[in-house]
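What follows is calculated from the coordinates using simple rules that are stated; it is not laboratory data. None of these values were measured; they are calculated from a predicted model. In this analysis, Cβ positions are derived from the backbone assuming ideal geometry, glycine residues included, and neighbour counts consider all displayed protein chains.
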Amino acid sequence: MTAPPLVSVRELTRTYRVGDVDVRALRGVSLDVFPGEFIALTGPSGSGKSTFMHLVGCLDRPTGGTYFLKGRDVRGLDTRELARIRNREIGFVFQGFNLLQRTSAVEQVELPMLYGPAVSAQERRRRARAALDAVGLGDRLDHRPNQLSGGQQQRVAIARALVNSPSLLLADEPTGNLDTRTSIEVMGIFQALNARGLTIVLVTHEHDIAEYATRIVAFRDGRVKSDRPVAARRCAADDLARYDAESAEAEVA
Ligand code: ADP
């Protein structure tokens, strides 16, 4: 028997009112996300991807339709309950990392634990270290963002997103600011997390990046245009090895 969906939306709509104009950003999206899936959300700019991510992330409310998260109807929740469910169930990773400039890596990762159930300072530090270890940054605990590369900053953001052990990781163009090699590295982290059971929904413009996922959902004009499994899934670890071998060859030549 298949597990029940983690996310289940039906005929989800979101209309923004701008002055006298209604912008219909989502026009009826129905989608299930099952535990352990890794979905790449693609589609042209303005097709509703970010709007959808905001709704699924409980950062915004739909105009119409239904949304069940772990079987719970999210529509009826007040702002406080939404914040609680968001903190407990969902981790966010953004294109621009969204780190605090004057704060060390380990302190950034401790932040989400200040908003959840009480955790002692010692336990917060232990969990933050473990999360940074998991993304290969155990030796950069005291570094501030300006002392880290873009890829390392994104890894701090991933550790921060994971420290409360969410059910779902939402990533909006997480490789948008990264070079090719670093993008593959970050996708390798997502693939490793997914292999350990984490459910991921990731927005990307890039076809190559989408192929690291298990399923590609394409949006167009606020609707799902296509929804298909990835036939030949890319493996980031293999791609990284190939990329490095090719770079080494190019240097010799
Ligand atoms: P995508 O992430 O695919 O680029 P968005 O969800 O950002 O698409 O946008 C979908 C549509 O909704 C666009 O026409 C955009 O201009 C509009 N839109 C998005 N956010 C807002 C907002 N806060 N207020 C008004 N219109 C918005």
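In plain terms, the chain from residue 253 to residue 88 could stretch by 54.2 nm, reckoned as 0.36 nm per residue minus the Cα-Cα distance. Please build a GNM for the chain, connecting alpha carbons under 10 Å apart, and tell me which residue among 236, 121, 40 fluctuates the most. With Cα springs under 10 Å in the chain, the top fluctuation among 236, 121, 40 is at 121.
The convex hull built on the alpha-carbon positions of the stretch 163-234 has an orientation-averaged projected area of 5.5 nm². Taking 220, 80, 27 in turn, the Gaussian network model of the chain (Cα-Cα springs below 10 Å) assigns the largest fluctuation to 80. Positive contributions from Lys and Arg (+1) and negative ones from Asp and Glu (-1), summed over other residues with Cβ under 9 Å from the Cβ of residue 219, come out at +3.
By the helix-only formula, in which each DSSP H run with n ≥ 4 contributes -39500 (n - 2.57) and the sum is divided by residues, the chain has a 222 nm mean residue ellipticity of -10500 deg cm²/dmol.
Expressed as a rounded percentage, what relative contact order does the chain have, with Cα pairs under 8 Å and six or more residues apart? Dividing the mean separation by the residue count of the chain yields 25 percent. Of 193, 170, 240, the residue with the greatest mean-square motion in the GNM of the chain, using alpha carbon springs below 10 Å, is 240.
Once the C-beta distance of residue 60 and residue 220 is scaled by a Förster radius of 22 Å, the resulting FRET efficiency is 0.60 to the nearest 0.05. Kindly provide log₁₀ I(q)/I(0) values, in the same order as q = 0.09, 0.12, 0.14 Å⁻¹, from the Debye equation applied to equal alpha-carbon scatterers of the chain. Reported log10 I(q)/I(0), two decimals: -0.42, -0.73, -0.99.
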